[in-house]
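Here is the structure we will look at, set down as structure tokens.
The values are calculated or read from the model by the stated rules, or taken from the named source; none is laboratory data. Note that this is a predicted model, so its numbers are computed, not measured. In this analysis, Cβ positions are derived from the backbone assuming ideal geometry, glycine residues included, and neighbour counts consider all displayed protein chains. For accessibility, only protein heavy atoms count, side chains too; no ligands or nucleic acids. Shrake-Rupley method; radii C 1.70, N 1.55, O 1.52, S 1.80 Å.
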Amino acid sequence: MNLNTQNIKSFFYKYWWLYYLVFFFLLGLLIYAVLCRNNWSNTNDRINTINKRLDDCCNARNAIVSDSIRVIDNKGEFGCLSFTLIWNSTDDLDLDVIDAKSNHIWYKKYCKSQDNQFSSAGGQLDIDLNAEGIDTDQPVENIYFKCTPPNGIYSARVKAFEKRETSPVNVKLIVRKKGKIVKEISKTISQQDEMIELIKYNYNAN
């Protein structure tokens, strides 16, 4: 046995604990790397989930703002109770509501642009777009009730007064109570003179 081999063995016997320290250190690094990889994967999943929720929230908020802007830009009001119809076509659709006192609110009666009267329940059609040749592809119709309408059933319908486009049109009715959205209903209208009942809303002022 030469001197170098003897020195190595002597070093090993003297510092045997150092080899175990290195071994466990490397083992710890390996375990840490595996755990970190899993944690990073879980973290990325959580980040992606949070980002999706934020996107969904922002999209929903943008949709609400867009719906509201259509009413505000056309000098409409929400009052204590409102029914807002929106769609994206040049079709002339008509929103009408039968209020809790059986008044029929539509473009022929209790309409701001016609008689500027309110029903006995305080309701009026204050926006009536795409009628009489005034066309937009982002129209809105709005019926609102001044404070405070009576409790009871309010029935809302939509009719295709003039179906100008060949494709079916998606419509959305938004019901607001004191400015806050309480119901959203989506339907599709396909043909001329088609009438669809949208909602029977049981209003309670409390």
task: Rank these residues by their accessible area, most exposed first, probe 1.4 Å: SER113, SER119.
output: SER113, SER119
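Using a 1.4 Å probe and counting only protein heavy atoms, arrange CYS80, CYS147 so the residue with the most accessible area comes first. Show your work: numbers first, answer last.
Details: CYS80 10, CYS147 105 Å².
Accessible-area ranking of CYS80, CYS147, largest first: CYS147, CYS80.
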message: For a quick check of your reading of the filter: which GluC sites (Glu not before Pro) in the stretch 66-151 sit in a DSSP loop and have no more than 15 other Cβ atoms within 10 Å?
response: GLU132
Heavy atoms of PHE23: accessible area, 1.4 Å probe, square angstrom to 10: 120
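Would you work out what percent of the accessible area of the stretch 77-189, with all protein chains in place, is carbon or sulfur (probe 1.4 Å)?
The value for the stretch 77-189 is 44 percent carbon and sulfur by accessible area.
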field: With all protein chains modelled, accessible area of SER186 [1.4 Å, Å²]
entry: 90
- request: Within the set of other residues whose C-beta is less than 10 Å from the C-beta of LEU173, count the net charge using Lys and Arg as +1 and Asp and Glu as -1.
  value: +2
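For ILE185, ILE143, give the ranking by accessible area with the largest first, probe 1.4 Å. All intermediate terms of the calculation are to be shown ahead of the outcome.
Values: ILE185 30, ILE143 0 Å².
I get ILE185, ILE143, largest accessible area first.
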- prompt: Where Lys and Arg each count +1 and Asp and Glu each count -1, what net charge lies around ASN74 among other residues with Cβ under 10 Å from its Cβ?
  reply: -2
query: With every protein chain present, what accessible area does ASP92 have (1.4 Å probe, heavy atoms only), rounded to the nearest 10 Å²?
result: 10
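Quick check: net charge around GLN138, other residues with Cβ under 13 Å of its Cβ, Lys/Arg +1 and Asp/Glu -1?
On the way: positive: ARG70, LYS172; negative: ASP67, ASP73, ASP91, ASP135, ASP137, GLU141.
Every neighbour counted, the sum reads -4.
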